[in-house]
1. What ranking, highest mean first, results for peptides 42-55, 119-132 when packing means the other Cβ atoms within 10 Å averaged over each residue?
2. Mark the label point 7 Å from the Cα of S22 along Cα→Cβ and return the residues of segment 52-84 whose backbone N is within less than 14 Å of it.
3. With r as the distance between the Cβ atoms of I46 and T83 and R0 = 41 Å, compute the FRET efficiency 1/(1 + (r/R0)^6) and round to 0.05.
4. Along the positive direction of the dipole of the chain (beta-carbon charges: Lys, Arg +1; Asp, Glu -1; about the Cα centre), which of T83, S19, V42 reaches farthest?
5. Before rounding to the nearest 500, sum -39500 (n - 2.57) across all DSSP H runs of length at least 4 in the chain and divide by the residue total; then give [θ] at 222 nm in deg cm²/dmol.
6. Taking only the C-alpha atoms, wrap a convex hull around segment 55-104 and report its volume per residue in Å³ as a whole number.
7. Taking only Cα atoms, what is the 0 to 90° angle, nearest 10, from helix 107-126's long axis to the longest principal axis of the chain?
8. Give me R33, R24, R147 sorted ascending by neighbouring Cβ count inside 10 Å, so fewest comes first.
Amino acid sequence: MSNAPRIEAEDDLYARDGSAWSRREAELLRQGRFGEIDIANVIEEIESVGRSERQRLKSNYRLVIQHLLKWQYQPERRSRSWTDTIRMQRTNIESNEEDSPSLKGEAAEIVAAAYRLAKKDAADETDLPLSTFPETCPYSAEQLRARDFLPE
């Protein structure tokens, strides 16, 4: 006998309780009750997992870029905090690209998107004009990942 409740048309568990909905959908899948699965929302959730992984990696690159820009354009303010952040985010990049290897192949596109935000953040934090920073990211994905790379 099934532990998963039958999905009725008026049932909107997805909107009311996402956690209960996900447990129910997983149980329906385990039981092979494919006709009862909330296909539209399952598709949306699967796609959102991929978007979340990409967004997390973009955030890691963004922080590395932001701190490298500050390092390069305000050398007099360099700090251990900046190098710690760079090191931690590089570790996160490595981990996230190991978990989702296909994203490593999209690194150039992800870095470009991250750079647009990182240079604004760097400008805000340094009080330098946005025009101080190059239009495109001056660092390659390989440099952003490299444990010892710091621009001079």
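What follows is calculated from the coordinates using simple rules that are stated; it is not laboratory data. This one's a predicted model, so the numbers in the text were calculated from it and none came from an experiment. Methodologically, a virtual Cβ is constructed for each residue, glycine included, from the backbone with ideal geometry; neighbour enumeration extends over all protein chains shown.
1. Values: 42-55: 12.2, 119-132: 14.4.
The peptides rank, most packed first, as 119-132, 42-55.
2. 52-53
3. On the way: r = 38 Å, r/R0 = 0.92.
Rounded to the nearest 0.05, the efficiency is 0.60.
4. Result: T83, furthest along the dipole toward the positive end.
5. On the way: 7 runs with 101 residues, N = 152.
The helix-only estimate for the chain comes to -21500 deg cm²/dmol at 222 nm.
6. Dividing the Cα hull volume of segment 55-104 by its residue count gives 57 Å³.
7. Between the helix axis and the principal axis of the chain, the angle is about 60 degrees.
8. Details: R33 14, R24 22, R147 9.
Going from least to most buried by this count: R147, R33, R24.
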